[in-house]
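The values are calculated or read from the model by the stated rules, or taken from the named source; none is laboratory data. Predicted, not measured: the structure shown is a model, and the values here were computed from it. Backbone-built Cβ (ideal geometry, glycine too); neighbour counts: all protein chains shown. Note: areas computed on protein heavy atoms with side chains; ligands, DNA, RNA excluded. Shrake-Rupley method; radii C 1.70, N 1.55, O 1.52, S 1.80 Å.
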Amino acid sequence: MFEDKLQRAKESFTFDDVLLVPSRTSVEPKNADVSTKFSRNIKLKIPIISSPMDTVTEVEMAIAMARSGGLGIVHRNLTANSQMNMVAAVKRAESLKIRNVLTVEPATSIKDARTLMQEKHVAGLPVISSGKLIGIVTKRDIALVDDSKKKVEDVMVRDVIYARENISMDEAQQILYENRIEKLPLVDNSGRVVGLITAKDIVTRQKFPDASRDEEGKLLVGAAIGPFDVERAKILEKAGADVIVIDTAHCDNQNVLDSIKKIRKELSVDLVAGNIATGKAAQDLISLDVDGLRVGIGPGSICTTRIIAGVGVPQLTAISEVAEVASKHGIPVVGDGGVRFSGDIVKAIAAGADSVMLGSLLAGTEESPGMEMILNGRKYKSYRGMGSIGAIQSGLSDRYAKLGSSKFVAEGVEAAVPFRGKVEEVLFQLIGGLKSGMGYVGAKDITALKTETSFVRISPNGLKESHPHDIKIMIEPPNYQLFQI
Ligand code: XMP
């Protein structure tokens, strides 16, 4: 029996065990389409997600990730209230359709309208009479009016151009441009103002054309919760989270599955569950109607789970087993942990992932909340596992098993990673590498990379040959040097 058990041990692979085989191509890297899905309803322009860790994703990271076309998942090692405020701050960062529109009445004095504009930092106000839109007054209209007796109705534009509330951003842009106006009030069927689109906000949108946005133009953001935190899930959804991520080290646990069933019923946004590493676990979660699966038991740079608990599955095998099941149900898979180079992203997707989740590669960026430090003259940022002693003691983390009320067994380390500049620059290099890989294997998009490619196994010598060797490196290009420690 025992001999048999070992004999049956399956061969398994991780990033350094394989390479993708090049193939005849007509795909130029710059034309490769890297858009994907994080979950059933969350579409992204790039397949990269920032991990819910307290040294990786808070407001700044989530904004930067969404602006670049990816997604940030706000961590949960803080109170529900603080996490809710972070989610709300990301949703507020950009808004293409302003909802709580400030308005004035025709009889409002110019002085009061001017004060309102100054105090609220707005440059124009729709004019409302009996609840209906009858005009608009802008800073320009009142700039040179010095007669204090004048009212809004004396200077407002009466034939105001407006649109229906469900207008698309492209249509709105066209109307603003054709009429050379700055503001477009949105009205409902009874003529009430229910929103406002401004040219200024559209310019912001053009600066980040690939940004991940909801239908109101706000940036997408995800939020992590503990597996039993139904209340937090509801609060975060209310604050605007577009996707809730169940954040636990081992999701295929009966108590966790029972709880996910309840959480699922409470939420109308997407629910991504993890972490798992087997096809069986994928099946269990899919039968609970989750919208995405997070894969990875122990591959992370700061993880010690495999060493402490002796459990895990090398990451490419884990991804492929989960994807085998998930793909039959159209459920997206995120490969979480262990990515060190852009080539690892190419391999993760070819093994079946729809996106990857990064910790260490993003922890060193300007936008991460980690502490900056100088070591031997070089700038670093702190990065720690959510199962490290520091993370467990400083917060509410229950991602890893606690044995009793005050004792716990750490499953992660506290570390530092080199400062890596802006998120945008790191993502540029990672996506550049991904597209290059897609060019070599002839994959025009993520689906082709998943389904029309093949791997070769490599030996330790093959790996040695893959890195620069037998030379003294004088200048490392940023996409190689960036990811060295
Ligand atoms: P990378 O390799 O990107 O991995 O730094 C990030 C992922 O690692 C997981 N994680 C942990 N795993 N102990 C673990 O075993 C930990 O303390 C820990 N903290 C984070 C998590 O899935 C993350 O996204």
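Details
- Test: residue in the range 430-443 that is under 22 Å from Ala223 (Cα atoms) and of a type in the set (D, E, K, R): no
- Flag if Asn189 is farther than 30 Å from Glu424 by Cβ and within 32 Å of the chain's Cα centre (by Cα): no
- Residue satisfying all of: in the range 325-367; within 14 Å of the chain's Cα centre (by Cα) and of a type outside the set (A, V, I, L, M); surrounded by the most Cβ atoms within 10 Å (Cβ to Cβ) among these: Gly335
- Count of residues meeting criterion [near the ligand (Cβ under 10 Å from one of its atoms) and touching a Leu at 6+ places or on another chain (Cβ under 9 Å)] in the range 54-69: 3
- Residue selected from the range 209-247 under the condition assigned to a helix (DSSP H, G or I) and touching a Leu at 6+ places or on another chain (Cβ under 7 Å), by the criterion nearest to Ala277 (Cα to Cα): Ala233
- Here Val34, Val74 are screened, and the one residue that is under 12 Å from the mean Cα position of the chain (by Cα) and buried (at least 18 other Cβ atoms within 10 Å of the Cβ) is Val74.
- Test: residue in the range 293-301 that is over 30 Å from Tyr380 (Cβ atoms) and touching a helix residue (DSSP H, G or I) at 6+ places or on another chain (Cβ under 7 Å): yes
- Residue in the range 248-263 that is assigned to a strand (DSSP E or B) and in contact (Cβ under 8 Å) with a residue 60 or more places away in the chain present: no
- Residues being open to solvent by 20 Å² or more (accessible area, probe 1.4 Å) and in a strand (DSSP E or B) - total across the range 368-392: 9
- Residue within the range 296-307 that is more than 9 Å from the ligand (Cβ to nearest atom), open to solvent by less than 20 Å² (accessible area, probe 1.4 Å), modelled with pLDDT of 95 or more and touching a strand residue (DSSP E or B) at 6+ places or on another chain (Cβ under 9 Å) present: no
- Taking every residue in the range 324-336 that is polar (S, T, N, Q) and pairing it with any residue that is in a strand (DSSP E or B), at least 6 positions away or on another chain, the pairs with Cβ-Cβ distances below 9 Å are Ser327/Val333.
- Test for Val339: is it assigned to a loop (DSSP other than H, G, I, E, B) and either near the ligand (Cβ under 9 Å from one of its atoms) or of a type in the set (Gly, Ala, Ser) (or both): yes
- Filtering the range 137-153 for residues that are in contact with a strand residue (DSSP E or B) (Cβ under 9 Å, 6 or more places away or on another chain) and under 13 Å from Leu184 (Cα atoms) leaves a non-empty set.
- Count of residues meeting criterion [closer than 17 Å to Lys91 by Cβ and among the aliphatic types (A, V, I, L, M)] in the range 227-272: 10
- The criterion of being farther than 25 Å from Glu414 by Cβ, among the β-branched types (Val, Ile, Thr) and buried (at least 22 other Cβ atoms within 10 Å of the Cβ) holds for Val322.
- Test: Ile345 is touching a residue at least 60 places away in the same chain (Cβ under 8 Å), aliphatic (A, V, I, L, M), near the ligand (Cβ under 9 Å from one of its atoms) and in a helix (DSSP H, G or I): no
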